[in-house]
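The values are calculated or read from the model by the stated rules, or taken from the named source; none is laboratory data. Owing to the predicted nature of the structure, the values given are computational and were not obtained by experimental measurement. All Cβ positions, even for glycine, are placed from backbone atoms using ideal geometry, and neighbour counts span all protein chains on display. What goes into the accessible areas is simple: the full protein's heavy atoms, side chains included, and nothing from ligands, DNA or RNA. Shrake-Rupley method; radii C 1.70, N 1.55, O 1.52, S 1.80 Å.
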Amino acid sequence: MATIVAVATMKVAQISKPGGDFELVEREIPEPGGGQVRIKVQACGVCHSDVFVKEGLWPGIQYPRVPGHEVIDELGAEVTGWKKGQRVGVGWHGGQDNTCIECRRGRFLYCHNSKVAGISYDGGYQQYMVAPVEALAAIPNTLTDAEAGPLLCAGVTTFNALRHSGASPGSLVAVQGVGGLGHLGIQFASKFGCKVAAIGRGSENDALAKKLGASLYIDSQSVNAAQELQKLGGAQVILATAPNSKSMTELIDGLAPTGKFMVVGISPDPIAVTPLQLISGERAIQGSAVGTPTDSEDTMNFAELTGVRPMIETYPLEKAAEAYARMMSGKAEFRVVLTM
């Protein structure tokens, strides 16, 4: 006599092939393996880098794949050091091998075999997911699920870039772009005690930039932004968040002597700079990646203390395709978040 066993299932928004549409399907709830946790997803940010999965732009992705790396979760399986039911998040950095030379040096972000949530394994566009325990970041109690998601990606990206940039309280920091990254960069720079110049195209973001903490707004369509920065003595740091290499190129001359141009916005085109631009005044251009889970915790704890919050729009998981399209349109309130 056969026994019928009910299998618990969950909803998943997956991509079955490069360039494919989002498919809402039912899957069995996964079981964690050694060194892993199962997470009950409460919310997941929709990030522009999800295009890597959607369009097959990342080598070696195995399909079907569930995107999502700004995950807000609850532990579903107890692991040493974490408590069942504890609120945790998983950002872009989704784990490391702990054996390569960079890991042995404690530089986990540069692991030779690093994992990316939503690319190396299924991410947060689902009701439950499994992740390596080393990918977890603890979430402060006062942050809502939807608020914490973007802080695990856009938040830690801008926070880390600024805190490692050499900017000090009172120095001029210019933030290029008032979008998903930029609107958080403005807030962080302001809370660091810097004088913030927000740079955007058009005058429509003037009031918002100042509300977020900018001391002034520079419309790069009506004036030469680099010259405007030099009138103020030059920027000690320019945080380039908008994915436009041409606009980045135009700002390099706005740096003060020993100033640093921090690049976090991803563009396929090269940034043009002459050796003399860097040699004169010993200026520098530096890329800045996201951060480790402990960096994410630092970001969220700082946001909790200072009131930095992302501007968000929320969509239910069932509308993942609509949420992704909204994010790609550039018309969203800066960060789109899926809720379960």
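The table for this structure:
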{"item": "Computed over the stretch 169-245, Kirkwood Rh from alpha-carbon pairs, angstrom", "result": "11.9 Å"}
{"item": "The stretch 129-191 - convex hull of alpha carbons, volume per residue in Å³", "result": "118 Å³"}
{"item": "Mean separation of Cα contacts under 8 Å (6+ apart) over length of the chain, as relative contact order %", "result": "18 percent"}
{"item": "Whole-Å distance, taken between Cα centres, linking the stretch 287-340 and the stretch 78-101", "result": "19 Å"}
{"item": "Gain in span if fully extended, Trp82 to Cys100, counting 0.36 nm per residue against the direct Cα distance", "result": "3.9 nm"}
{"item": "Estimated dipole of the chain in Debye, rounded to 20 [Cβ of Lys and Arg +1, of Asp and Glu -1, Cα centre]", "result": "500 debye"}
{"item": "Among beta bridges that DSSP assigns inside the chain, antiparallel share in %, nearest 5", "result": "55 percent"}
{"item": "Virtual paramagnetic centre 7 Å along Cα→Cβ of Ile271, amide N under 11 Å, in the stretch 229-260", "result": "238-242, 244-253, 260"}
{"item": "Cβ charges +1 (Lys, Arg) and -1 (Asp, Glu), total dipole of the stretch 10-74, debye", "result": "100 debye"}
{"item": "Neighbour count of at most 14 Cβ within 10 Å plus DSSP loop: longest GluC sites (Glu not before Pro)-free window in the chain", "result": "79-203"}
{"item": "Dmax and Rg, reported as Rg then Dmax, of the stretch 210-252 (C-alpha, Å)", "result": "10.7, 27"}
{"item": "Rough spin-label spacing in nm, given labels placed 7 Å along Cα→Cβ, for Glu318 and Tyr63", "result": "2.6 nm"}
{"item": "Kirkwood estimate for the stretch 33-162, i.e. one over the average of 1/r between Cα atoms, Å", "result": "14.8 Å"}
{"item": "Cα→Cβ-extended label distance, 7 Å offset, between Glu282 and Asn301, nm", "result": "3.3 nm"}
{"item": "Pairwise Cα inverse-distance average, inverted: Kirkwood Rh of the stretch 261-340 (Å)", "result": "16.3 Å"}
{"item": "Estimated translational D of the stretch 195-340 in µm²/s (Stokes, Kirkwood radius over Cα pairs; 4 °C; 1.567 mPa s)", "result": "75 µm²/s"}
{"item": "Highest-MSF residue in the chain out of Pro150, Pro275, Pro140 [GNM, Cα springs under 10 Å]", "result": "Pro275"}
{"item": "Sequence of Trp82, Trp58 when ordered by accessible area, the most exposed leading, probe 1.4 angstrom", "result": "Trp58, Trp82"}
{"item": "Under 10 Å, Cβ to Cβ, from Ser16 - net charge with Lys/Arg +1 and Asp/Glu -1", "result": "0"}
{"item": "Normalised convex hull volume, the stretch 8-68, alpha-carbon set, Å³ per residue", "result": "108 Å³"}
{"item": "List Leu251, Leu109, ordered by accessible area with a 1.4 Å probe, largest first", "result": "Leu109, Leu251"}
{"item": "Exposed trypsin sites (Lys or Arg not before Pro) absent - longest run of the chain, DSSP non-H/G/I/E/B, at most 14 other C-beta within 10 Å", "result": "108-330"}
{"item": "Label assignment, Rg and Dmax of the Cα atoms in Å derived from the structure, set (1) 20.7, 86; (2) 22.7, 73; (3) 18.6, 62", "result": "(1)"}
{"item": "Choice from His93, His69, His48 with maximal GNM fluctuation in the chain (Cα, 10 Å cutoff)", "result": "His48"}
{"item": "Contour excess over end-to-end distance, with Cα ends at Gln227 and His164 and 0.36 nm allotted per residue", "result": "20.1 nm"}
{"item": "Sites Ile29 and Ser329, calculated FRET efficiency, Cβ-Cβ separation with R0 45 Å, nearest 0.05", "result": "0.85"}
{"item": "222 nm mean residue ellipticity, helices alone, for the chain (DSSP H n ≥ 4; -39,500 (n - 2.57); rounded to 500)", "result": "-6000 deg cm²/dmol"}
